[in-house]
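Structure first, commentary second.
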Amino acid sequence: MNPSNPVQEAVAVVLLLINSHPGRQHELLQQIDMQIGEALAALDEARKKAAASKVEADLESPVE
């Protein structure tokens with residue numbers, strides 16, 4: 001493992017797995033793509049909520 005390059009490590013694992021299932025590569029990549037999309041959407045939503053909470057907290061703080 002190379003902790004300084006986690007993206008390449010993840011890609012290597014994905015390639016190893018999909019190449020272990022001939023004929024199903026497209027299906028597996030679609031499912032991986034869906035899972036990554038869902039994870040990205042959840043992260044984006046969490047960031048939006050955190051930003052909104054910070055703005056709300058800033059608005060509620062007294063100005064000095």
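The values are calculated or read from the model by the stated rules, or taken from the named source; none is laboratory data. A quick note: this is a predicted structure, and the numbers were derived from the prediction, not measured. Cβ sites come from the backbone with ideal geometry, for glycine too, and all protein chains shown count toward neighbours. Protein only, heavy atoms only, side chains kept; ligands, DNA and RNA dropped before computing areas. Shrake-Rupley method; radii C 1.70, N 1.55, O 1.52, S 1.80 Å.
Could you give every pair whose Cβ atoms fall below 9 Å, whose first residue belongs to the range 22-45 and is closer than 16 Å to Val11 by Cβ, and whose second residue is part of a helix (DSSP H, G or I) and open to solvent by 90 Å² or more (accessible area, probe 1.4 Å), counting only separations of at least 6 or pairs across chains?
Gln25/Asn19; Leu28/Leu17; Ile32/Leu17
Inspect the range 43-53 for any residue being in a helix (DSSP H, G or I), more than 18 Å from the chain's Cα centre (by Cα) and exposed (fewer than 10 other Cβ atoms within 10 Å of the Cβ) and give the result as yes or no.
No, there is no match, as no residue in the range 43-53 is in a helix (DSSP H, G or I), more than 18 Å from the chain's Cα centre (by Cα) and exposed (fewer than 10 other Cβ atoms within 10 Å of the Cβ).
Looking at this structure, is Asp33 open to solvent by less than 90 Å² (accessible area, probe 1.4 Å), of a type in the set (D, E, K, R), part of a helix (DSSP H, G or I) and at negative phi? Spell out how you get there, then give the answer.
Details: open to solvent by less than 90 Å² (accessible area, probe 1.4 Å): no; of a type in the set (D, E, K, R): yes; part of a helix (DSSP H, G or I): yes; at negative phi: yes.
Against the criterion (open to solvent by less than 90 Å² (accessible area, probe 1.4 Å), of a type in the set (D, E, K, R), part of a helix (DSSP H, G or I) and at negative phi), Asp33 does not qualify.
Regarding the range 46-63, can at least one residue be identified that is free of Cβ contacts under 8 Å to residues at least 24 places away in the same chain and touching a helix residue (DSSP H, G or I) at 6+ places or on another chain (Cβ under 8 Å)?
Keep residues of the range 46-63 that are free of Cβ contacts under 8 Å to residues at least 24 places away in the same chain, which gives 46-63.
Checking the rest, the ones that are also touching a helix residue (DSSP H, G or I) at 6+ places or on another chain (Cβ under 8 Å) come to none.
No, because not a single residue in the range 46-63 is free of Cβ contacts under 8 Å to residues at least 24 places away in the same chain and touching a helix residue (DSSP H, G or I) at 6+ places or on another chain (Cβ under 8 Å).
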